[in-house]
1. With θ set to phi - 60°, apply the Karplus curve 6.51 cos²θ - 1.76 cosθ + 1.60 along the stretch 222-233 and write out the HN-Hα couplings as whole Hz, x wherever there is a Gly or Pro.
2. Once you have a ≥ b ≥ c as the square roots of the Cα gyration tensor eigenvalues for the stretch 1-156, tell me rounded if a/c is under 1.5, and otherwise prolate or oblate according to whether a/b is larger than b/c.
3. Helix-only mean residue ellipticity at 222 nm, the chain, DSSP H runs n ≥ 4 weighted -39,500 (n - 2.57), per residue, nearest 500. What is it?
4. If amide hydrogens are placed 1.01 Å from N in the peptide plane, which non-local residues have theirs closer than 5 Å to the one on residue 245?
5. Provide 141, 169 in ascending order of the number of other Cβ atoms located within 10 Å of each residue's Cβ, fewest first.
6. Sum up the charges of everything whose Cβ sits under 10 Å from the Cβ of residue 101, counting Lys and Arg as +1 and Asp and Glu as -1, but leave residue 101 out.
7. Label points 7 Å out from Cα along the Cβ direction at residue 81 and residue 230: separation in nm?
8. Sequence gap at least 6, Cα distance under 8 Å: using those rules, report the relative contact order of the stretch 128-290 to the nearest whole percent.
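No value in this document is a laboratory result; all are computed from the given coordinates. In this text, all values refer to a predicted model and were calculated from it rather than measured experimentally. Note that each Cβ is placed from the backbone with ideal geometry, even for glycine, and that neighbours are counted across all protein chains shown.
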Amino acid sequence: MSAAQSIGVWIDGEPVADANRAISAFDRGLTLADGVFETIRVLNGVAPMAVAHLTRLAAGAERLELVLPTGLADHIATAAAAARRMQIPDAVLRLTLTRGDALPGMAGLSGGAARTIVTVTPRIAVRDEVIERGLTLVTSHWRWSARRPTAGIKSLDYTANVLALREAHSQGVDDALVLDTDEHMVSCTASNICWFSDAVLFTPAASTGALAGTTLLLLRELAPSLGLTVRDAVAPVDALLHADAACACSAIRGVVPITQLDGHTIGGLGRSPRFRALHDAWRVEMARRAGVDFVVD
């Protein structure tokens, strides 16, 4: 299958033949990052976390005062089914909403329903060596304000995320840990973080500006059945450095251990039993929801 055959694109629910020329030069998502998006994992033609993604998308659209189009769930189902026909068993579905076309300038609002852009591409799995050794992080020197208008939503403005990731890669590590302006942990550049201390699973509180992750939501739901108590935390970097274990999680990355921050080892040399239990429970639940036998990292 060629690269072109393994990519699907729909705009406002209609398939697009030439994806390279599909968007107007006046689309506000392009010119002003005026929109929101979700990246959704599709397994064997099923998007098992679609409802959670649509809920978060709606919250982001409300923040930006975007008019939600009708039929978004149908758009996801159509694209997911197409991934199966294209023989992409593990796919990434991106759902983007933009305010649509407007004349140049910030005030030229269209007023209509948001433009819907859906793409489907093969998921690039986390490398085996990364899963084996765990993620290595550096604390980014950039700080994110929890008071910024787009804090906690997936807006199209990902410039800060890109800069932080480039900073990490320039130092030879996998990702960056981002802090808020009060030096509290927020997330990685495109993944939520959580850490274990005894039988408590900690996650950064919403007050830090952390995104309400869909995979993190599922981990929080599964944790009590494994004897874990879940707590939101406003915590400095030291909390991660002194944790029993830590992990990064996202719809596309999955659940991957974090084993190093700024050159310091997190947790012991072996995998934490509590991390293993939560990771395996997530894998089983995703497989159950998708109707597949196994979910790869």
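1. 7, 4, x, 5, 9, x, 9, 9, 9, 9, 6, 9
2. Oblate.
3. Calculated from helices alone, the mean residue ellipticity at 222 nm is -8500 deg cm²/dmol.
4. Counting only residues 5 or more places away or on other chains, the set is 196.
5. In order of increasing Cβ crowding within 10 Å: 141, 169.
6. Combined, the nearby Lys, Arg, Asp and Glu give +2.
7. About 3.2 nm separates the two model spin labels.
8. 24 percent.
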